[in-house]
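The values are calculated or read from the model by the stated rules, or taken from the named source; none is laboratory data. Since the structure is predicted, the reported quantities are computational estimates derived from the model, not experimental observations. Don't worry about glycine lacking a Cβ; one is built from the backbone with ideal geometry, like all the others, and counts go over all protein chains shown.
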Amino acid sequence: MDESDAAAVARACAGDTDAFRVLVDRYSRKVFRLAYRMTRNEHDAEDVVQESFLRAYRRLKQFESRSSFGTWIFRIAVNAALDLTRKLGRYEQAEQQMPEPEGGAHSLFQLPAPDPTPDRLLLSGELKHKVESVLASLSPQVRTAFVLRHYEGMSIEEIGSILGLKGSATKNSIYRAVQKLRKELEPLVVAQSGEPPPARGELGSTGSKGRSHERCEESETSQ
Amino acid sequence: MKDVRKVKHPSEEELILYHYAEAGGPPRAVVTEHMEVCEPCRTRYRELQAVLAAAEVVEAPARSEDFEDEVWRRLVPRLEAAPQESLWQRFFAGPGAPRLWAPVGAVVAVGVLVVGAFLAGRFWPGQPQPQGEAQVQPVSAQSRERILLVAVGDHLERSQMVLVELVNAKPQRTVDISAERQRAEDLVPTNRLYRLTAERSGETGVANLLDELERTLIEIAHSPSRLSSPEFEDLRRRVEAQGILFKVRVVDSQVHERERKAIEDLSRKSS
């Protein structure tokens, strides 16, 4: 049976480095994934993995079993990744370089590509580039909240605990990330699903309660 | 068919919560039922799903099967070089000692070292060393800086944890903050020690932050152990209004960066 994290932490605190290795084996891949999504660079992500486990080892005695080791190491990794990106100025640079498409969110439809099918876009990595650009344009807090929720499947409560935010602020960060993604990706994605892109403003900048009601009311009256 | 007009349409935020199966919106069954009968909401949700599914294209590059081994191979020498537990820490964290004493012991031990090193550097920095005579090696300025950085960094981490837990405590009719209160009380004397040391060392930024932090810690330490909901909200609001958590994070990050550089400089010199 696998040793629990708490037991491994207790043994590692007592000086057993093999026990710490159990934790490294268990979490290094997850920490790498998180770090990559935050730094967008393989080497930086590997450095974040190293730095995170080093910090964790040095502070292992401060770890209290009230939270899980996974949440704790993620908190350390988030801080390490933010420290690194701040130091390298990568995101600041990326934010400045974030292209604001002319003509708004629908400009990709207007690209004079010979065959701009969604598959081609996907294959060419354009969609990936677009998603990365959007993520890079978000503030570190918003981006981190979204990465933890969307890619790592962490709950809003856990994310709040990692980022030191209240539930409402965490939710708000996630909404902002999703709104930005919708604004930038919806035209591509709707085309991919074979449906026409929605008329501009029809969905509101995603999130307008009033507008969503209007749409439903319209449809209801037409029934 | 149900009358859609009688059902509240989920907002965008509520659809996002629904997508991630998070609480905070209307009950999940209500939203599901609504979308079964409301085509526009169903379309909105499909579009949201499509966008979020598209975001999955950003995948972390695959790692080799021996990734964990590689991480460990690189990590081991750094772990060996990591600051070892001090004798003071061992003493306070020894069998029978309350768990609380371990960090307090560490802080006191490092504090004594810092103040000692600081005073040693301040009052006896340039005394001539007789040639050929065995001397106790003085603490170098770099070592002093490193000790101070490690100590302040750890202190800021601990303070940060107290503030985070307080800010994130679940509001109830009465909120028990006795644990946070006790930890804040323990942190006050060490905070004062570091503040004075930082002031004397000309570390104005760190000293100012520690001054603000000290006031916040004292406020928490002087609060009753159990607070009514409005009292707790009031305390939380005051802590948040000071923006102390953010400031602590920023300075903590700067301190760790300097700590890392100090370690690099030391290891470069020793090699």
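A quick yes/no check of all residues on (1) modelled with pLDDT of 90 or more; (2) surrounded by fewer than 20 Cβ atoms within 10 Å (Cβ to Cβ); (3) outside any helix (DSSP H, G or I); (4) in contact with a Lys or Arg (Cβ under 7 Å, 6 or more places away or on another chain):
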{"position": "A:LYS61", "(1), (2), (3), (4)": "no, yes, no, no"}
{"position": "A:GLU64", "(1), (2), (3), (4)": "no, yes, yes, no"}
{"position": "A:ALA80", "(1), (2), (3), (4)": "yes, no, no, yes"}
{"position": "A:ARG86", "(1), (2), (3), (4)": "no, yes, no, no"}
- [ ] Among the numbered conditions (1) more than 8 Å from chain A (Cβ to nearest Cβ); (2) at pLDDT below 65, tell me where B:VAL31 comes up short.
- [x] (2)
Task: Test result for B:GLU212, among the acidic types (Asp, Glu), without any contact (Cβ under 8 Å) to a residue 40 or more places away in the chain and in contact with a helix residue (DSSP H, G or I) (Cβ under 9 Å, 6 or more places away or on another chain) - done: yes
TODO: Working carefully through the options B:LEU193, B:LEU245, B:LEU227, find the one that is under 19 Å from B:ALA151 (Cβ atoms) and touching a residue at least 24 places away in the same chain (Cβ under 8 Å).
DONE: B:LEU193
- [ ] Examine region A:190-209 for a residue that is under 24 Å from A:TYR36 (Cβ atoms) and modelled with pLDDT of 60 or more, and state whether such a residue exists.
- [x] no
Task: Selection count, region A:29-61, where residues are more than 7 Å from every other protein chain (Cβ to nearest Cβ), within 21 Å of the chain's Cα centre (by Cα) and under 20 Å from B:ARG78 (Cα atoms) - done: 10
Task: Residue among B:GLU165, B:GLU199, B:GLU180 that is surrounded by 15 or more Cβ atoms within 10 Å (Cβ to Cβ), free of Cβ contacts under 8 Å to residues at least 24 places away in the same chain, charged (D, E, K, R) and in contact with an Asp or Glu (Cβ under 8 Å, 6 or more places away or on another chain) - done: B:GLU165
Task: All positions within region B:8-45 that are closer than 22 Å to A:SER173 by Cα and more than 38 Å from the chain's Cα centre (by Cα) - done: B:ARG44
Task: All positions within region B:168-211 that are within 14 Å of chain A (Cβ to nearest Cβ), within 19 Å of A:GLN62 (Cβ to Cβ) and of a type in the set (A, V, I, L, M) - done: B:ALA179, B:LEU187
